[in-house]
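A.B. asks: Okay, here's the structure, questions in a sec.
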Amino acid sequence: MSTKDIETQEYIPDHLLDEPTITPVIRPGHTFGTVTDKISAIALTRKTPRGWYIGFAIAFALAMMLFYSLAQLVLVGTGIWGLNVPVAWGFAIINLVWWIGIGHAGTLISAILLLLRQNWRTSINRFAEAMTLFAVACAGIFPVFHTGRPWLAYWLFPYPNTMKMWPNFRSPLMWDVFAISTYASVSALFWFIGLIPDFATLRDRARSRSGQVIYGMLAMGWRGSARHWHRYETAYLLLAGLATPLVLSVHTVISFDFTIGITPGWHATIFPPYFVAGAIYAGFAMVLILAIPIRKFYGLEDFITMRHLRNMAKIMLATGLIVGYGYMMEAFFGWYSANQYEGFMIRNRMTGPYAPFYWALIFCNIIAPQILWSRRMRNSVPVLFITALIVSVGMWLERFVIVVTSLHRDYLPSSWGMYRGSFWDWSTFIGTIGLFVALLFLFLRFLPMISIFEMRTILPQAEVKEAKE
Amino acid sequence: MGNGELKNVRYTAAYFRREEDLIAAAREARAAGFEIHDAFTPFPVHGLDEAVGLRPSRLTWIALIAGAMGLGAGLALQIWTSVYDWPLNVGGKPFNSFPLFIPVAFELTVLFSGLIAICVLLARNRLWIFSKRLVFDRVTDDRFVLVLKARDASFDINKAMVIFDRAGALRVIEGDQFV
């Protein structure tokens, strides 16, 4: 059976679906030249599809709504958000955690899967890394504007000042500043370094003067010298090795924001691994949400094959189970700790005013993804897309439940209260989705969305036979 | 081997279609006593560094030292500010709450290591935005190029052509002033 008919065929025997020979990471028949042509043409020669303009216009409009909401916040103050005591942390922290978590899949794909020599990552790592950068940018907006005076955000960094004060390094919020800014810098570098050889390809193929000049500057004189590649590969592996513990540390630090506090439901040792797994879970869901339409509209089924989608589905299933274990442990701690506040917290979560959110999150994150156990479902693109959407919503609900249910009824019943996001909370959140999508549209249009030089290395002809000495 | 700039020296470059051909030609040329200037490929070819005689990169050591600097800087910053310059009593925790300084020290280790390794990579490869370099045709697409130095009269073009032909070279060009 040839590979070509796999996706057009109605029926494939179940036991064959996972065979790497049946669905390779790149469809046979490609050469170095066709890989270069196909990917670079999207940025250079192909007419921009009308759908691109429509999609970009919508996303850009939403991004404008974000800027309007932020301007409103600066003019009026953080009071326009629905925050108040007892729920002093609301959408800002929920969205920060959600966005950062989404970003983590990009680093996992680009760094951890590189170190594990999973070469299927090659076709998805470039846009997954782009997704990381844009997600971190969206995440950063929330804490910076939550300060109320974002123009003083530099106070977060330790610098000698006339007040003769230093930041309190014992606070996990301070660790966040370092973790997130390091993460953003290293991810941006990793992405840019990965792009240099592809910029050189675009420079050499661009027909317009402006294309040659701009891509030429970005390529920085890259010409594929063996000596340069030699150092380049060393640096690339090094960065992957650095990014791996970094990505784990970032979400661990984020979870410390909660665990260091003594609020019931937050003060738990399970949080760091459970947050990291949740981040990867949400991130892979987002990669699927992006990869499925991209491969369809840009005709990249040759490069992003069913094998990629299936592998991502499996990772989602695995991390989803870890997250499920986390939920189980939270409930278990509530009972086993014999602490009345912990016990009340978990009962309140399951049966209190926010119970519908809790059960919706259990459905989205634990029950719905179990469908992925079935080979047939893992091979259905619409099922994967819908499951990924459900998981994304579920992971947002998870952060909502963790943040809000723990705060709204804590030790003192007299200070209990309810929380709901205000109009401006929602417009800011939806606006960041617009910004994220708008940036992605620009990325798809102007940069090679798949790493061209890495795709060349996974072509079968790129495997050098060992010379006989 | 120098760092890649070859001034006022003639060169001979051969184009190949496959990386195996390039590696075979590089090995033979080196064995025959030719001086390899460089090779150009559209992607990192495994085994090429050894075939053209490159030593392992020292970048890993630079990254290690940079990381150690970051770790030292991170710890020094936190201990000096929180213990000596502005001892602040937060919830009765000791001024030198060492375990709480680990996250920031770790992040700075990674940051220093990554930033410095990349700066060194760019500097050593002389990559910068206004770089004007000769780029061989299609070498960023699907061609592999081997460049030999033709420094003086001892360079035997006929002998080189035999090696190139045997490895299946598509074409051979000569030029001077390699930039």
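The values are calculated or read from the model by the stated rules, or taken from the named source; none is laboratory data. Predicted model only: the values in this text are computed from it and were never measured. No Cβ is skipped: glycine too gets one built from the backbone with ideal geometry, and neighbour counts run over all protein chains shown. Ligands, DNA and RNA are stripped out before the accessible areas are found, and what is left, the full protein with its side chains, is counted by its heavy atoms. Shrake-Rupley method; radii C 1.70, N 1.55, O 1.52, S 1.80 Å.
A.B. asks: Step by step: first the residues of the range B:40-57, then only those that are assigned to a loop (DSSP other than H, G, I, E, B) and more than 7 Å from every other protein chain (Cβ to nearest Cβ), then the one that is nearest to residue B:139 (Cα to Cα). Which residue is that?
C.D. replies: Applying the filter and picking the extreme gives B:53.
A.B. asks: What number goes with the only condition from (1) part of a helix (DSSP H, G or I); (2) within 25 Å of residue A:458 (Cβ to Cβ); (3) at pLDDT below 90 that residue A:312 does not pass?
C.D. replies: Against the list (1) part of a helix (DSSP H, G or I); (2) within 25 Å of residue A:458 (Cβ to Cβ); (3) at pLDDT below 90, residue A:312 comes up short only on (3).
A.B. asks: What are the residues in the range A:175-186 that are open to solvent by 20 Å² or more (accessible area, probe 1.4 Å) and either farther than 30 Å from residue A:232 by Cβ or at the interface with chain B (Cβ under 7 Å from one of its Cβ atoms) (or both), if any?
C.D. replies: A:177, A:185
A.B. asks: Here is a further query. Would you check if there is a residue in the range B:20-35 being within 30 Å of residue B:171 (Cβ to Cβ), part of a loop (DSSP other than H, G, I, E, B), more than 10 Å from chain A (Cβ to nearest Cβ) and not small (Gly, Ala, Ser)?
C.D. replies: Yes.
A.B. asks: Could you tell me which of the residues A:357, A:363, A:333 is closer than 30 Å to residue A:112 by Cα and touching a residue at least 24 places away in the same chain (Cβ under 8 Å)?
C.D. replies: A:363
A.B. asks: Being more than 30 Å from residue A:133 (Cβ to Cβ) and of a type in the set (A, V, I, L, M, F, W, C) narrows it down to one residue among A:304, A:386, A:367; which is it?
C.D. replies: On the way: A:304 fails: more than 30 Å from residue A:133 (Cβ to Cβ); A:386 fails: more than 30 Å from residue A:133 (Cβ to Cβ).
Checking each option against the conditions leaves just A:367.
A.B. asks: Next question, about the same structure. Considering only the range A:185-242, how many residues are more than 23 Å from residue B:113 (Cβ to Cβ) and in contact (Cβ under 8 Å) with a residue 40 or more places away in the chain?
C.D. replies: Number satisfying all stated conditions: 7.
A.B. asks: Any chance you could count how many residues in the range B:74-90 are in a helix (DSSP H, G or I) and open to solvent by less than 40 Å² (accessible area, probe 1.4 Å)?
C.D. replies: Qualifying residue count for the region: 5.
A.B. asks: Out of all the residues in the range A:262-276, which are open to solvent by 10 Å² or more (accessible area, probe 1.4 Å) and of a type in the set (A, V, I, L, M, F, W, C)?
C.D. replies: Residues satisfying the conditions are A:262, A:266, A:268, A:270, A:276.
A.B. asks: Here's another thing I want to ask about it. From the list A:406, A:392, A:427, exactly one residue is among the small types (Gly, Ala, Ser), part of a helix (DSSP H, G or I) and over 25 Å from residue A:278 (Cβ atoms). Which is it?
C.D. replies: Numbers: A:406 fails: over 25 Å from residue A:278 (Cβ atoms); A:392 fails: over 25 Å from residue A:278 (Cβ atoms).
From the options A:406, A:392, A:427, the qualifying one is A:427.
A.B. asks: Here are the criteria: (1) open to solvent by 70 Å² or more (accessible area, probe 1.4 Å); (2) away from every other protein chain (no Cβ under 11 Å); (3) in a loop (DSSP other than H, G, I, E, B). Tell me which single one residue B:71 does not satisfy.
C.D. replies: If we test residue B:71 against (1) open to solvent by 70 Å² or more (accessible area, probe 1.4 Å); (2) away from every other protein chain (no Cβ under 11 Å); (3) in a loop (DSSP other than H, G, I, E, B), just (3) comes out false.
A.B. asks: Do we have residue B:60 as in a helix (DSSP H, G or I), among the β-branched types (Val, Ile, Thr) and touching a Phe, Trp or Tyr at 6+ places or on another chain (Cβ under 7 Å) here?
C.D. replies: Against the criterion (in a helix (DSSP H, G or I), among the β-branched types (Val, Ile, Thr) and touching a Phe, Trp or Tyr at 6+ places or on another chain (Cβ under 7 Å)), residue B:60 does not qualify.
A.B. asks: Same structure again: If the requirement is being closer than 21 Å to residue B:99 by Cβ and open to solvent by less than 20 Å² (accessible area, probe 1.4 Å), which of these qualifies: A:257, A:198?
C.D. replies: Residue meeting the stated conditions: A:257.
Residues checked against (1) open to solvent by 30 Å² or more (accessible area, probe 1.4 Å); (2) more than 9 Å from every other protein chain (Cβ to nearest Cβ); (3) of a type in the set (Gly, Ala, Ser); (4) assigned to a loop (DSSP other than H, G, I, E, B):
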position: A:148; (1), (2), (3), (4): no, yes, yes, yes
position: A:152; (1), (2), (3), (4): yes, yes, no, no
position: A:161; (1), (2), (3), (4): yes, yes, no, yes
position: A:165; (1), (2), (3), (4): yes, no, no, yes
position: A:169; (1), (2), (3), (4): no, no, no, yes
position: A:173; (1), (2), (3), (4): yes, yes, no, no
position: A:188; (1), (2), (3), (4): yes, yes, yes, no
position: A:193; (1), (2), (3), (4): no, no, no, no
position: A:215; (1), (2), (3), (4): no, yes, no, no
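A.B. asks: Next up: For the range A:253-298, how many residues meet the condition of being under 25 Å from residue A:437 (Cα atoms), assigned to a helix (DSSP H, G or I) and among the hydroxyl-bearing types (Ser, Thr, Tyr)? Talk me through it step by step, then tell me what you get.
C.D. replies: Here is the first cut: in the range A:253-298, the residues under 25 Å from residue A:437 (Cα atoms) are A:254, A:275-298.
Checking which are assigned to a helix (DSSP H, G or I) leaves us with A:254, A:275-297.
Now restrict to residues that are among the hydroxyl-bearing types (Ser, Thr, Tyr): A:281.
Looking only at that region, the number is 1.
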